[in-house]
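Reviewing the structure listed below.
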Amino acid sequence: MGQNFLIDPSTAEMIIRKSGVDKEAKVVEIGAGLGALTLPLSSSAKLVYAIEKDEALANILKDELKIQKVKNVVLINQDIFEVDLGAIAARERKKLMIFGNLPYYISSQVLIYLIGARQAVQQADLMFQKEVARRLVSGSGTKSYSRLSVLLQYYAEIRRTATVSAHLFWPVPKVDSEVLQLRFKTEFSPAVQDHELFAAVLKAAFGRRRKTLRNAMLSTELNIGRDGLMEVFEESGIEPWKRAESLTVEQFVRLTNAIDGYMKRL
Ligand code: SAH
C-alpha cells in the first residue's frame, strides 16, 4: 500500500537533526506508524502531535508511549485531512513544524493540504519517493516540471536534505527516498493576488501541457475568451504560443495577476 516503515534509528535522528527542530518546537507528525520518528521527535521537540489514521497502529504506538513514559506526545487517531492544523497552531500560539514519512499515494494531496494551511506552518520535512521529490524541485523547461512544482516553489523554499536508501525501510520499496525541507514563505515578490485563480491557471496550463498556453487556456473554465487572453499575455509579457512547462514560477504569477486585473476591469 505504499506504506514503508523506517527501520533505521540513525536515519530518523539524522532527519530530525537536519530539520533544526529545538526544545521550543511544536511538531505535527503525519502518519506516525509505530513511532520511528515520533519517539526521537519527542526528545528533541517541546510537543508532538502524532497523527495516525490506522487504529491498530495507533493503539500499538499508544502502548509504546506509555511504556516509555513519553509525556509530550498527543496521539491523534485520525486522518490528516481531517485535522485542522490552523486550530492546533492557534492553540499552541506557534507555527508548526511538520514531519512525515508519507505513503506514496497521498504525498501530492498532503502538499496541497499544507499549502492550504501555510499560515499555520513554519516548515515541513517530508520523505518522498525520489522521483516524486525530483519532480517537485524541477524547474521550468524540464519534462518533470508540473503544476505542483510551480505551486510548491511559489509558496515554499525547498531544500533536499537527505537521500534514504530503500533498504532502510520495511517492507523494502522499489526506489530510494528523499527528504525535502519546505520553508513556507511569508513574503513574495511578485505576490499572487488571487490564490484560487493561481491554482486554476496552473490547472488549465498544465492540464493540456502539450498545447500552446493560449489554446490550453481558451478551452477551460477560466472563461476569459480570445481577446481577453491576448490582452493578458501582452500585459504579462508572455508569448501565447509557449507551453506551460517553459514558464517560470514568476511568469505564472504575472500571468495570474494580469488575468485577475482583466477580470476586475470587466
Ligand atoms: N512514520 C512511520 C510510518 C510510515 S508509514 C515510519 O516512518 O516508520 C506511513 C504511515 O502513515 C502509516 O502508519 C499509515 O497508516 C499512515 N497514514 C496513511 N494515510 C494517512 C492519513 N491520511 N492520515 C494519517 N496517517 C496516515
Under a straight-distance cross-link criterion of Cα-Cα below 13 Å, which aspartates and glutamates are reachable from K130, leaving out those fewer than 8 residues away in the same chain? D176, E178
So for F81, F206, what's the accessible-area order with a 1.4 Å probe, most first? F81, F206
Quick one: accessible surface of K18, probe radius 1.4 Å, all protein chains present, in square angstrom to the nearest 10. 90
Provide the solvent-accessible area of E234, counting protein heavy atoms only and rolling a 1.4 Å probe, rounded to the nearest 10 Å². 150
With +1 on the Cβ of every Lys and Arg and -1 on the Cβ of every Asp and Glu, and nothing else charged, how large is the dipole of segment 195-265 about its Cα centre, in debye rounded to the nearest 20? 340
Give me the accessible area per residue for segment 170-266, probe 1.4 Å, as a whole number in Å². 56
Measure nothing fancy, just the Cα-based angle from helix 107-116's long axis to the longest principal axis of the chain, in degrees from 0 to 90, nearest 10. 70
How much of M97 can a 1.4 Å solvent probe reach, expressed as accessible area in Å² and rounded to 10? 10
Which order do V172, V48 take by accessible area at a 1.4 Å probe, largest first? V172, V48
Net charge near T256, counting Lys/Arg +1 and Asp/Glu -1 over other residues with Cβ under 12 Å of its Cβ? -3
Under a plain spin-label model, where a point goes 7 Å from the Cα along Cα-to-Cβ, how far apart in nm are R243 and E92? 4.3
Please give the Cα centre distance for segment 80-114 versus segment 165-231, rounded to the nearest Å. 20
Just subtract the alpha-carbon distance of K18 and S165 from 0.36 nm times their residue separation and send over the number in nm, one decimal. 51.2 nm
Give me the distance in nm between label points sitting 7 Å out from Cα along the Cα-to-Cβ direction at K69 and S144, one decimal. 4.7
Once both labels are modelled 7 Å past Cα along the beta-carbon direction, what's the R210-R134 spacing in nm? 2.2
Please give the FRET efficiency for F5 paired with D79, using the beta carbon to beta carbon distance and R0 = 25 Å, rounded to the nearest 0.05. 0.85
What percent do you get for the relative contact order of the chain when only Cα pairs under 8 Å and 6+ apart count? 16
By a straight-distance test (C-alpha under 22 Å), which lysines pair with K53 as possible cross-link partners, with residues fewer than eight away in the same chain excluded? K26, K62, K66, K71
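The values are calculated or read from the model by the stated rules, or taken from the named source; none is laboratory data. Being a predicted model, the structure only gives us computed values, none of them experimental. Quick reminder, even Gly has a Cβ in these numbers, built from the backbone with ideal geometry, and neighbours come from all protein chains shown. Just so you know, the surface numbers come from the protein's heavy atoms only, side chains and all, with ligands and any DNA or RNA stripped out. Shrake-Rupley method; radii C 1.70, N 1.55, O 1.52, S 1.80 Å.
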